[in-house]
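Notes to accompany the following structure.
The values are calculated or read from the model by the stated rules, or taken from the named source; none is laboratory data. If you're wondering where the values come from, they're calculated on a predicted model, not measured in any experiment. Please note: Cβ atoms are built from the backbone with ideal geometry, for glycine as well, and neighbour counts cover all protein chains shown. The accessibility values were calculated without ligands, DNA or RNA, using every heavy atom of the protein model including side chains. Shrake-Rupley method; radii C 1.70, N 1.55, O 1.52, S 1.80 Å.
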Amino acid sequence: MDVAGIVDGLCPPDPRAQLTHGQVVEVLVANRLTCPAPLFRVGDWAAGWAVEEVFGVEAGLLNDDRLARALDAIAPHLDKLAGSVAAGAISAFGLDVARIRWDITSMSVHGSYPEAGQDGDYPQIRYGHPKDRRVDLKQVQAGLGVCADGAVPVHAKVFDGGAGEVAQVVAAIQTLKELASEKRLLMVADSKLYCYTNIGALLDAGVDFIAPVPASKISDEFWAGLDVSQAAEVDCTAEREERLPPEQRGRYRVLEDVQPVPGPRKRDPVLQVRRILVHSSGNAAGQRQARDKRLAKAAAELEKVRRGAGGRYYGTAEKIAERVGVIAKTRRVASCLRTEISTDDSGRPILAWHFDEQVLAAEAAADGWYALITSCPAKRCDAARVLLEYKGQGDVERRYGDFKGPLAVTPVFVQHNRRVAALIQVICLALLLLCLIERQVRRALERDGDGRMHGLYPNGQRVRPTGRMILYHLGGLQLRLGGATDPPTVLMARGVHLHLLDLLGLEATRPRWL
């Protein structure tokens, strides 16, 4: 993919420098793929791995100052770097980018990062709504555009930590359209896409999209009025249920109508988009179980308050009301809980409570239902197809799992917001490579079978390999250094090494630099 060449083209090296910025970036990517380390530990990692033999880079040159200078150099060119590498990957591996799934996640950073000390030309590190619930830390955000072909992230961009997710969709549309080239782009996103501005921009740009409607936009009474038996069944099986007998799998049914999307001002025209009403029997069963647990826990806690009314802890009506409010909020039963606090002849407070059966019946009728909106024409994408396209949205979440798991993007320990943005973009390059490796191995396995292989788990279980598994096993390869007449060789201790390298189309007999 010529990552080093692209970087050096954007940031010409100093003739006096011992390393080019491209070499440094390649080493940083390799570090993330093998054993992620803070910048000041990368040199130690390089000394234990065959970095000099593979990249021609001495471990002693990889101090944190040199790595930081490389991040500073690429920071002004992050969009061009990401776009060039992605374009090369699309061309070299024949990726189909007509369907792209989009989402944004947040990364917590450690440090004060005062606003006055940050560079205004780069994403600001600020407090926001962190996905990891670390509200005590500032954050930065990253958006990923993952193509449906192998769940490969072909677009990545770093965003301001305090920016709303809704506002970032419009900015990504043009880039994703350019990636799709002459093909008509289908953008699949989460409920953050649902707003008047985003939907209007997508319609104006001629981009097909699919997104869920926020639950707050549709009342339980509407769902209660639907007849599941009138919905068309869809041949769709959740991945987690593939090995279950057919009678134990969840079933999906769909209906279709129109969703009006009013603008923030009265004079704004109301947008009309297709709405697919989906019923999942698996979701319905899960929601029933969750509601039953909430009600049972709330009932036990309310009974405890009722029995203790007038006693040591709940001696006044105010204390009873306060505790009941806490129970209603934490157990999420405020909508159906009905209470009455009175006093007996002696002035002792009494609590009476019950759950409103009509409200519970309406909630039960809504179990399993959710809605999707789309601009895809019905002739090209019927209701069942819309659901099937949307079900792949989990690919983005899986890639964020790789991003924050084996590639260890969080926590971020870099001093300047410019370097934070550059480091995250480098880690996005590592994610791209990880996903291409996974895609190539899976495609090779699918050509000869069902896409599963032995040897990845000790018990011999046949599984679909993930990028994490592949790199874990290839991490067991060792390089034996030879002498003047004995060239260095790569030692393969296990058969899974040969199998994986064969699936990748590689013959790792000697390191590339030697």
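The table that follows gives values for the structure above.
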read-out	value
Long-range amide H partners of residue 147 with built H, under 5 Å	101, 152, 154
Segment 192-329, accessible area per residue, ligands and nucleic acids excluded (1.4 Å, Å²)	59
Karplus-derived HN-Hα couplings along segment 300-314 (A = 6.51, B = -1.76, C = 1.60, θ = phi - 60°), whole Hz, x at Gly and Pro	4, 6, 5, 5, 5, 5, 4, 5, x, 4, x, x, 5, 8, 10
Positive-end residue of 365, 383, 350, charge dipole of segment 316-408 with Cβ unit charges	383
Estimated inter-spin distance, residue 54 and residue 364, nm [label 7 Å along Cα→Cβ]	5.9
Neighbourhood charge, 14 Å Cβ-Cβ cut-off, centred on residue 43 and excluding it, Lys, Arg +1 and Asp, Glu -1	-3
Unmatched cysteines, the chain - criterion: no other Cβ of a Cys under 4.7 angstrom	11, 35, 147, 195, 236, 336, 428, 435
Nearest-0.05 FRET efficiency for residue 415 and residue 462, computed from C-beta distance (R0 45 Å)	0.45
Hz values of 3J(HN,Hα) by residue in segment 254-260 - Karplus curve (6.51, -1.76, 1.60), Gly and Pro given as x	9, 10, 9, 8, 10, 10, x
Per-residue [θ]222 nm for the chain (sum of -39500 (n - 2.57) over DSSP H runs n ≥ 4, rounded to 500)	-13000 deg cm²/dmol
Cα-based helix-to-principal-axis angle, 196-205 vs the chain, degrees rounded to 10	50
Extended-chain gain in nm, criterion 0.36 nm per residue less alpha-carbon gap, residue 131 and residue 346	72.2 nm
Net charge of neighbours whose Cβ lies under 14 Å from the Cβ of residue 306, counting Lys and Arg as +1 and Asp and Glu as -1	+2
Pairwise FRET efficiency - residue 204 versus residue 493, Cβ, R0 = 41 Å, nearest 0.05	0.10
Whole-Hz ³J(HN,Hα) from phi, Karplus 6.51 cos²θ - 1.76 cosθ + 1.60, for segment 53-69, glycine and proline x	6, 8, 10, x, 10, 6, 4, x, 7, 8, 7, 5, 5, 5, 5, 5, 5
In degrees, nearest ten, helix 21-34 long axis to first principal axis of the chain (Cα)	60
Normalised per residue, the volume of the convex hull around the Cα set of segment 382-426 (Å³)	89
Neighbourhood charge, 12 Å Cβ-Cβ cut-off, centred on residue 284 and excluding it, Lys, Arg +1 and Asp, Glu -1	+2
Loop-resident sites, segment 255-360, for trypsin sites (Lys or Arg not before Pro), counting at most 11 other Cβ within 10 Å (DSSP)	265, 266, 267, 312
Amide hydrogen neighbours beyond the local backbone of residue 273, cut-off 5 Å, H modeled	259, 261
Kirkwood hydrodynamic radius of the chain, Cα pairs, Å	26.6
Cut-off of 10 Å, at most 16 other beta carbons, DSSP loop: longest stretch of the chain lacking such GluC sites (Glu not before Pro)	243-506
Counting DSSP beta bridges with both ends in the chain, the antiparallel % (nearest 5)	85
Other-chain or far-sequence residues with amide H under 5 Å of residue 159's (modelled H)	141, 142, 143
For the chain: relative contact order, % (alpha-carbon pairs under 8 angstrom, 6 or more apart)	17
Residue among 416, 302, 200 farthest towards the positive dipole end of the chain, charges placed on Cβ	302
Whole-percent carbon and sulfur share, accessible surface of the chain, 1.4 Å	51
Inter-site label distance for residue 110 and residue 477 at 7 Å from Cα along Cβ, in nm	3.3
Fraction of the pair-distance distribution of segment 362-403 above 14 Å, Cα-Cα pairs, percent	62
Extension gain, residue 508 back to residue 304 (0.36 nm per residue minus Cα-Cα distance, nm)	66.6 nm
Shape call, segment 214-298: gyration tensor on alpha carbons, a/c limit 1.5	oblate
Accessible area per residue in Å² at 1.4 Å probe, computed on segment 1-78	45
